[in-house]
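As structure tokens, the structure follows; a few thoughts come after it.
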Amino acid sequence: HGVGFLMMGDLEKEGENELLDYGDHVEADVLKVGHHGSRTSTSQRLLMRTRPQWAFVSGNLRAGRMPPHWDVLDRLQRARIRTLVTGRDGSLQMSVNEQSSITTRFGTSGRTMRGRGLLVPAATIRSGSR
């Protein structure tokens, strides 16, 4: 079936609903969380329809009013979606091979994880193992 990536950009709930209303078959193995994990994006409906195995958020974990917001991270966790946040996990490289396996590789993020020169060992999942 291949591997599906859904890159949400800054789409918020209204735009998510339009996307979901447009097509009957909207699934993704990997979800780029919209609007840096703002509470105005990544609705429960989106997660239920797309059913991603992985989600990644471009942002830095911190308390307060800035995204990613904890309620979005909680929705992802409750849906059992493996979630990566660049400010915590560093940069992310994903590749897909001919067998539709996703390989991830993590590195340091020069902006949010300055001074760490480590690579986290790659993790592999099989597409379609829902």
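The values are calculated or read from the model by the stated rules, or taken from the named source; none is laboratory data. The structure displayed is predicted, hence computed values, not measured ones. All Cβ positions, glycine included, derive from the backbone under ideal geometry; neighbour counts span all protein chains shown. Keep in mind that these areas ignore ligands, DNA and RNA; they rest on the heavy atoms of the full protein, side chains included. Shrake-Rupley method; radii C 1.70, N 1.55, O 1.52, S 1.80 Å.
Go through (1) out of contact with any Lys or Arg (no Cβ under 9 Å at 6 or more places or on another chain); (2) in contact (Cβ under 8 Å) with a residue 24 or more places away in the chain; (3) open to solvent by 50 Å² or more (accessible area, probe 1.4 Å); (4) not in a helix (DSSP H, G or I) one by one and return the number of the condition residue 84 breaks.
(3)
Looking at (1) of a type in the set (D, E, K, R); (2) buried (at least 17 other Cβ atoms within 10 Å of the Cβ); (3) within 30 Å of residue 98 (Cα to Cα), which is the only condition residue 75 fails?
Condition not satisfied by residue 75: (3).
Is it the case, given these coordinates, that residue 85 is among the aliphatic types (A, V, I, L, M) and under 21 Å from residue 10 (Cα atoms)?
Criteria met by residue 85.
Please verify whether region 63-72 includes one or more residues that are modelled with pLDDT of 90 or more, under 13 Å from the mean Cα position of the chain (by Cα) and assigned to a loop (DSSP other than H, G, I, E, B).
No, that holds for no residue.
Select from region 13-38 the residues that are assigned to a loop (DSSP other than H, G, I, E, B) and buried (at least 17 other Cβ atoms within 10 Å of the Cβ) and write down the one among them that is nearest to the chain's Cα centre (by Cα).
33
Within region 97-104, does at least one residue satisfy the condition of being of a type outside the set (Asp, Glu), buried (at least 19 other Cβ atoms within 10 Å of the Cβ) and touching a Leu at 6+ places or on another chain (Cβ under 7 Å)?
Within region 97-104 (the criterion being of a type outside the set (Asp, Glu), buried (at least 19 other Cβ atoms within 10 Å of the Cβ) and touching a Leu at 6+ places or on another chain (Cβ under 7 Å)), the answer is yes, since at least one residue qualifies.
Output the number of residues of region 39-53 satisfying the condition of being open to solvent by 80 Å² or more (accessible area, probe 1.4 Å) and part of a helix (DSSP H, G or I).
3
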